[in-house]
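Peer 1: Dumping the structure here so I can ask a few things about it.
The values are calculated or read from the model by the stated rules, or taken from the named source; none is laboratory data. No experiment lies behind these values; they were computed from the predicted model shown. Using ideal geometry, Cβ is built from the backbone for each residue, glycine included, and neighbour counts are taken over all protein chains shown.
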Amino acid sequence: MREIRLHDTLTGGLRPLDPRDPGSVGIYACGPTVYSRIHVGNARPYVVYSLLKRFLEREGYDVTLVCNVTDVNDKIYAAARAAGRDSADLAVEMTRHYREDTDRLGLGRPDAEPLATETIDEIVELIGTLINRDAAYVSGGDVYFRVGAFEGYGKLSNRALEDMDQGEDESDMTMARKESPFDFALWKAQKVGEDTCWPAPWGAGRPGWHIECSAMAEKLLGTDFDIHGGGSDLVFPHHENEIAQTEAARDRPLARIWMHNGMIRTEGEKMAKSVGNIFLLHAALDEFGRDALVMYMVGGHYRQPLSFSGEALKEAAAAAERIRELCRRLDPAAPEPEGLAERAERFYDALADDFNTPAARAELFDWIAEANRRLDAGETLGVGALEEMLRVLGLDTLLCAPEEAPEEIRQLAAERDEARGARDFARADELRDEIASRGWSVRDTPSGQTLVPRG
């Protein structure tokens with residue numbers, strides 16, 4: 001196995017992947033809060049960690065990818081009240097939409113997709129341990145984590161304590177229940193209008209946001225697992241609080257590497273429902289297709305912001321079509337192209353260096369350019385190496401068997417060849433345009449004409 005290095009937010013630098021269990025990698029990626037349909041920005045972590053799983057499996061690891069669904073939350077209660085609906089029913093509907101929409105990305109499902117509402121027993125046990133260790137306290141039916149009792153608080157986000165606004169309900173009643181304004185909720189007592197709650201030793205209610213992920217991750221991957229992923233907007237408070245909860249309760253780290261993807265931006269701002277600049281995933285898939293959307297995602301380094309626009313998606317669609325056109329020229333029965341293995345290795349080396357998909361994509365297109373030159377020179381090339389690279393990038397849907405042109409198209413191509421031989425280039429151009437109008441492209445190579453379907 002080649003050395004794989006990933007950027008770790010906790011240490012601020014690249015770290016070699018050193019699995020807890022040799023040969024196996026556990027990844028937990030924070031999924032959506034299901035109060036509405038997800039947008040393209042929500043889909044970025046789904047794509048990043050699904051493709052990371054594919055790469056690590058190609059490198060020989062047994063990978064378990066866990067992507068949770070937060071199906072009980074203040075946002076769900078608020079959305080349900082606004083719609084005059086039961087919050088649990090809304091969460092079920094939006095979870096279904098989330099799975100349908102992400103299914104259309106064609107990347108498969110994670111190995112586990114736990115729901116917060118199915119992890120209540122584990123959440124209650126974890127909170128009870130924190131109370132018993134004096135790291136948390138009960139107040140008015142709520143339970144809060146004592147931030148001041150955890151010495152390492154802030155080590156992920158590197159924020160000063162005074163800059164650590166938890167973003168929670170700041171009502172007088174809530175603040176009066178807290179020992180410190182920096183403490184955060186592990187359990188919230190049931191309030192009027194909240195129609196979903198569970199029993200607990202300290203009173204009926206439901207879990208806070210942060211404790212859900214600590215419990216779900218530990219349930220499925222244990223502690224000290226290999227990679228915890230999510231959007232960069234989760235560094236604080238969500239992931240900071242996950243670290244504090246788990247370490248205070250278990251005396252062990254939750255994860256070895258904390259990996260964060262950048263935000264998708266529209267006109268310079270983070271794509272977010274609160275900003276109102278969202279592009280829903282299902283609408284983007286309807287308009288641009290999954291190949292263009294995945295190509296767009298891999299075109300930016302996962303840690304960097306990515307600008308969303310129709311123009312960017314059109315460019316991605318054109319890049320996908322370039323690959324599809326090459327695939328139509330390849331022969332599945334032909335042997336591997338000689339002399340291209342080094343280019344393919346550079347592709348995987350780029351991914352091993354902090355999962356650099358733009359660099360890998362550049363190596364892929366260098367491979368494609370060389371393959372086209374050889375095909376133009378009359379060689380017959382196979383698809384094996386290309387198929388493997390495309391699968392790792394989630395673009396294996398671009399592969400297709402060579403398609404034979406219908407008889408009438410072949411006849412037009414033959415007439416065009418005759419016109420070129422007679423140096424009647426005006427007629428040859430007319431025939432080329434006629435072929436194009438019928439959905440085919442004609443290309444001239446040293447070994448003769450080649451017909452390929454247009455996109």
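Peer 1: Since Leu51 meets every condition but one in (1) of a type outside the set (S, T, N, Q); (2) in contact with a helix residue (DSSP H, G or I) (Cβ under 9 Å, 6 or more places away or on another chain); (3) without any contact (Cβ under 8 Å) to a residue 12 or more places away in the chain, which condition does it not meet?
Peer 2: In the conditions (1) of a type outside the set (S, T, N, Q); (2) in contact with a helix residue (DSSP H, G or I) (Cβ under 9 Å, 6 or more places away or on another chain); (3) without any contact (Cβ under 8 Å) to a residue 12 or more places away in the chain, Leu51 misses (3) alone.
Peer 1: Could you list, in sequence order, the residues of segment 20-53 that are more than 24 Å from Ala272 (Cα to Cα) and touching a Phe, Trp or Tyr at 6+ places or on another chain (Cβ under 7 Å)?
Peer 2: If we filter segment 20-53 for residues that are more than 24 Å from Ala272 (Cα to Cα), which is where we start, we get 20-27, 52-53.
Within segment 20-53, Arg20, Gly23, Ser24, Val25, Gly26, Ile27, Leu52 meet the criteria.
Peer 1: Does Thr196 satisfy the condition of being more than 26 Å from the chain's Cα centre (by Cα), polar (S, T, N, Q) and part of a helix (DSSP H, G or I)? Spell out the reasoning first.
Peer 2: On the way: more than 26 Å from the chain's Cα centre (by Cα): yes; polar (S, T, N, Q): yes; part of a helix (DSSP H, G or I): no.
Considered against the rule, which asks whether it is more than 26 Å from the chain's Cα centre (by Cα), polar (S, T, N, Q) and part of a helix (DSSP H, G or I), Thr196 comes out as no.
Peer 1: Among Trp187, Trp202, which is the only one that is touching a strand residue (DSSP E or B) at 6+ places or on another chain (Cβ under 6 Å) and assigned to a loop (DSSP other than H, G, I, E, B)?
Peer 2: Step by step, each of Trp187, Trp202 is checked, and only Trp202 is touching a strand residue (DSSP E or B) at 6+ places or on another chain (Cβ under 6 Å) and assigned to a loop (DSSP other than H, G, I, E, B).
Peer 1: If I filter segment 312-321 for residues that are more than 24 Å from Val392 (Cβ to Cβ) and either in contact with a Phe, Trp or Tyr (Cβ under 9 Å, 6 or more places away or on another chain) or surrounded by fewer than 22 Cβ atoms within 10 Å (Cβ to Cβ) (or both), do I get at least one hit? Talk me through it step by step, then tell me what you get.
Peer 2: Kept after step one, since they are more than 24 Å from Val392 (Cβ to Cβ), are these residues of segment 312-321: 314.
This time we only want the ones that are either in contact with a Phe, Trp or Tyr (Cβ under 9 Å, 6 or more places away or on another chain) or surrounded by fewer than 22 Cβ atoms within 10 Å (Cβ to Cβ) (or both), so: 314.
Scanning segment 312-321 turns up at least one residue that is more than 24 Å from Val392 (Cβ to Cβ) and either in contact with a Phe, Trp or Tyr (Cβ under 9 Å, 6 or more places away or on another chain) or surrounded by fewer than 22 Cβ atoms within 10 Å (Cβ to Cβ) (or both).
Peer 1: Could you tell me whether Val66 is hydrophobic (A, V, I, L, M, F, W, C) and under 22 Å from the mean Cα position of the chain (by Cα)? So that I can check it myself, show each step before the final result.
Peer 2: Working: hydrophobic (A, V, I, L, M, F, W, C): yes; under 22 Å from the mean Cα position of the chain (by Cα): yes.
It is true that Val66 is hydrophobic (A, V, I, L, M, F, W, C) and under 22 Å from the mean Cα position of the chain (by Cα).
Peer 1: Right, here's the next one. Can you confirm whether segment 154-175 contains a residue that is in the same structural domain as Pro32 (by TED's automatic domain parsing), over 26 Å from Ala82 (Cα atoms), touching a residue at least 24 places away in the same chain (Cβ under 8 Å) and not in a loop (DSSP other than H, G, I, E, B)?
Peer 2: Scanning segment 154-175, I find no residue that is in the same structural domain as Pro32 (by TED's automatic domain parsing), over 26 Å from Ala82 (Cα atoms), touching a residue at least 24 places away in the same chain (Cβ under 8 Å) and not in a loop (DSSP other than H, G, I, E, B), so the answer is no.
Peer 1: Something else about it: Taking the residues in segment 155-205 that are modelled with pLDDT of 95 or more and touching a Leu at 6+ places or on another chain (Cβ under 9 Å) as candidates, determine which candidate is farthest from Leu254 (Cα to Cα).
Peer 2: So the residue we want is Leu186.
Peer 1: Shifting gears a bit: How many residues, within segment 218-239, are in a helix (DSSP H, G or I) and in contact with a Gly (Cβ under 7 Å, 6 or more places away or on another chain)?
Peer 2: Taking segment 218-239 and keeping what is in a helix (DSSP H, G or I), we get 218-221, 232-239.
Next cut, in contact with a Gly (Cβ under 7 Å, 6 or more places away or on another chain) only: 221, 232, 237, 239.
So the count comes out to 4.
Peer 1: Where in segment 1-106 are there helices (runs of 4 or more DSSP H), lying wholly inside it, with at least 2 residues that are surrounded by 15 or more Cβ atoms within 10 Å (Cβ to Cβ) and touching a His at 6+ places or on another chain (Cβ under 9 Å)? Please lay out each step first, then the result.
Peer 2: Working: elements: 40-58, 74-83, 87-103.
Filter on segment 1-106 gives 87-103.
Peer 1: Given Ala248, Ala317, which one is touching a helix residue (DSSP H, G or I) at 6+ places or on another chain (Cβ under 9 Å) and under 28 Å from Asp354 (Cβ atoms)?
Peer 2: On the way: Ala248 fails: under 28 Å from Asp354 (Cβ atoms).
Going through Ala248, Ala317 in turn, the sole match is Ala317.
Peer 1: Continuing with this model, one more query. Can Pro358 be described as touching a Gly at 6+ places or on another chain (Cβ under 7 Å), in contact (Cβ under 8 Å) with a residue 24 or more places away in the chain, farther than 27 Å from His301 by Cβ and of a type outside the set (D, E, K, R)?
Peer 2: On the way: touching a Gly at 6+ places or on another chain (Cβ under 7 Å): yes; in contact (Cβ under 8 Å) with a residue 24 or more places away in the chain: yes; farther than 27 Å from His301 by Cβ: no; of a type outside the set (D, E, K, R): yes.
Taking the combined requirement at face value, the residue does not satisfy it.
Residues checked against (1) closer than 25 Å to Asp103 by Cβ; (2) without any contact (Cβ under 8 Å) to a residue 40 or more places away in the chain:
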{"position": "Leu293", "(1), (2)": "yes, no"}
{"position": "Tyr296", "(1), (2)": "yes, yes"}
{"position": "Arg329", "(1), (2)": "no, no"}
{"position": "Pro332", "(1), (2)": "no, no"}
{"position": "Pro335", "(1), (2)": "no, no"}
{"position": "Gly339", "(1), (2)": "no, yes"}
{"position": "Gly384", "(1), (2)": "no, no"}
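Peer 1: Being under 18 Å from the mean Cα position of the chain (by Cα) and of a type in the set (Ser, Thr, Tyr) is the filter here; which residues of segment 96-122 pass it?
Peer 2: Result: Tyr98, Thr102.
Peer 1: Which residue is nearest to the chain's Cα centre (by Cα), if the candidates are limited to segment 351-383 and must be among the β-branched types (Val, Ile, Thr) and part of a loop (DSSP other than H, G, I, E, B)? Walk me through how you get there before you give the answer.
Peer 2: Let us first name the residues in segment 351-383 that are among the β-branched types (Val, Ile, Thr), namely 357, 368, 380, 383.
From what is left, the residues that are part of a loop (DSSP other than H, G, I, E, B) are 380, 383.
Values: Thr380: 36, Val383: 27 Å.
It comes out as Val383.
Peer 1: Going by the structure shown, is Leu293 under 30 Å from Ala385 (Cβ atoms) and either charged (D, E, K, R) or buried (at least 18 other Cβ atoms within 10 Å of the Cβ) (or both)?
Peer 2: yes
Peer 1: If you go through segment 280-290, how many residues are more than 16 Å from the chain's Cα centre (by Cα) and crowded, with 18+ Cβ neighbours inside 10 Å?
Peer 2: 1
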